[in-house]
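S.K.: My structure is below; once you've seen it, I'll send some questions.
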Amino acid sequence: MAAGKSSRLTDYPRPSVAVDIAVLSVVDAHLCVVIQRDDAGTAMLPGRFIRERRSVADTVREVLELKLGLSPDRVHPHLLRVFDDPDRDPRGWTISIAHAVALPAAQLTSVVGELVPVSPTGALESDEPLLYDHDQIIAAATDSLRERYEDRPDPDNLLPTPYTLT
């Protein structure tokens with residue numbers, strides 16, 4: 001091994017890794033996102049740090065069930081992207097493996113959190129600030145939703161039936 005090189009993982013700094021989920025829906029013809037609030041009342045996406053010996057998929061299921069009150073067997077978020085700006089979380093180096101899911105509003109009647117309207121740019125319509133870079137995660141989730149809806153009619157079953165393609 002070359003001088004100064006280490007093969008021990010403990011010799012390298014490690015980030016914390018979290019899962020954040022943007023849950024989107026349509027309410028009264030407005031795109032909305034589920035937000036929760038921290039102890040100070042700041043809006044944030046539901047999320048959780050990945051615990052030792054747990055997978056990303058396990059953590060997604062835990063966020064759905066424990067943080068949102070949704071059945072992880074009936075809701076299947078898709079991987080949005082990794083948010084890895086070293087300064088995204090002032091508490092320390094944290095990487096977020098962000099996911100998104102779009103659900104009909106009828107499936108969110110007992111969700112833990114608030115459904116709040118989102119602007120066309122993906123920001124909260126109220127201009128309320130979000131924790132960390134959660135505004136960027138919501139913007140990426142709304143962009144992803146728009147892309148899916150350009151290719152197929154109502155892939156997430158957000159529109160009430162009957163609807164027509166005219």
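No lab work stands behind these numbers, since they all come straight from the coordinates. The model shown is predicted, which means the values in this text are computed figures rather than measured ones. Positions of Cβ are backbone-derived with ideal geometry, glycine not excepted, and every protein chain shown enters the neighbour counts.
S.K.: Please report, in whole Å, how far the alpha carbons of the range 92-150 spread along each principal axis, starting with the longest.
M.R.: Dimensions of the range 92-150 along the principal axes of its Cα atoms: 38, 29, 23 Å.
S.K.: Let me ask something additional. In debye to the nearest 20, how big a dipole does the range 76-166 give about its Cα centre with +1 on each Lys and Arg Cβ and -1 on each Asp and Glu Cβ?
M.R.: My answer is approximately 320 debye.
S.K.: So which trypsin sites (Lys or Arg not before Pro) in the range 61-139 end up in coil per DSSP with only 12 or fewer other C-beta atoms within 10 Å?
M.R.: Of the trypsin sites (Lys or Arg not before Pro), the ones in loops of the range 61-139 whose Cβ has at most 12 other Cβ atoms within 10 Å are ARG74, ARG91.
S.K.: If we count GluC sites (Glu not before Pro) as exposed when they sit in a DSSP loop and have at most 14 other beta carbons within 10 Å, what is the longest stretch of the chain that avoids them all?
M.R.: 53-124
S.K.: Let me ask something else. For the range 24-151, what does the equivalent ellipsoid look like in terms of its semi-axes, each the square root of 5 times an eigenvalue of the Cα gyration tensor, given largest first in whole Å?
M.R.: After scaling each eigenvalue by five and taking roots: 21, 18, 15 Å.
S.K.: Then there's this: Using +1 at the Cβ of each Lys and Arg and -1 at the Cβ of each Asp and Glu in the chain, identify which of SER110, VAL60, SER7 lies farthest towards the dipole's positive end.
M.R.: Towards the positive end, the residue furthest out is SER7.
S.K.: Another one. Quick one: putting +1 on the C-beta of Lys and Arg, -1 on the C-beta of Asp and Glu, what dipole do you get for the chain around its Cα centre, in Debye to the nearest 20?
M.R.: 800
S.K.: Now for a separate question. Between 0 and 90 degrees, rounded to the nearest ten: what's the tilt of helix 134-151 against the longest Cα principal axis of the chain?
M.R.: 50
S.K.: Which net charge results for the neighbourhood of VAL19, defined as the other residues with beta-carbon distances under 13 angstrom from its beta-carbon, given Lys and Arg at +1 and Asp and Glu at -1?
M.R.: Net local charge, VAL19 excluded: +2.
S.K.: Got a sec? Charge dipole of the chain, +1 on Cβ for Lys and Arg, -1 for Asp and Glu; which of PHE83, GLN36, ALA140 is way out at the positive end?
M.R.: PHE83
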